[in-house]
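These notes are about the structure you will find just below.
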Amino acid sequence: MSSNWGAGIDDQPTCNEIARRLEKLLETDDWCFMVDSALQVDAWGFYLTDGEVQTLPPDQVRSPFRARTELVREFCDFLRHCGGFEVW
């Protein structure tokens, strides 16, 4: 989805399955949905070099790919009713 060239899902059953899987993942975390990544940011969202990551406490380093659970739930609601989508 990062390329924005029109890819997406073109059928409701696949959208339903994505929503189901996201909702299952959300059962384990009430605040934030986060995807592990080799890229890391600090508490303010600035990208860190590998060297900087080593100097900061672990609670100040996180993945830049995260969203509040509320937003992921809204996306799940969208998926359950959209019939498919494209990313432009």
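The values are calculated or read from the model by the stated rules, or taken from the named source; none is laboratory data. Small disclaimer: the values here were computed from a predicted structure and weren't measured. We place every Cβ from the backbone using ideal geometry, glycine too, and count neighbours over all the protein chains shown. In case anyone asks, the SASA skips ligands and DNA or RNA and just uses the protein heavy atoms, side chains included. Shrake-Rupley method; radii C 1.70, N 1.55, O 1.52, S 1.80 Å.
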Next item on the list: Please go through region 49-75 and pick out each residue that is assigned to a loop (DSSP other than H, G, I, E, B) and either of a type in the set (Asp, Glu) or open to solvent by 50 Å² or more (accessible area, probe 1.4 Å) (or both).
Entry: 49, 56, 57, 65
Next item on the list: Can you run down the residue pairs with Cβ atoms below 7 Å, 6 or more apart or on separate chains, where the first is in region 25-54 and within 23 Å of residue 74 (Cα to Cα) and the partner is assigned to a loop (DSSP other than H, G, I, E, B) and open to solvent by 80 Å² or more (accessible area, probe 1.4 Å)?
Entry: 34/65; 35/65
Next item on the list: For region 76-88, name all the residues that are in a loop (DSSP other than H, G, I, E, B) and at pLDDT below 90.
Entry: 87, 88
Next item on the list: Please find, within region 7-45, the residue that is farthest from the chain's Cα centre (by Cα) out of those that are exposed (fewer than 10 other Cβ atoms within 10 Å of the Cβ) and of a type in the set (Phe, Trp, Tyr).
Entry: 44
Margin query: On the basis of being without any contact (Cβ under 8 Å) to a residue 12 or more places away in the chain and of a type in the set (A, V, I, L, M, F, W, C), does residue 85 make the cut?
Written below: no
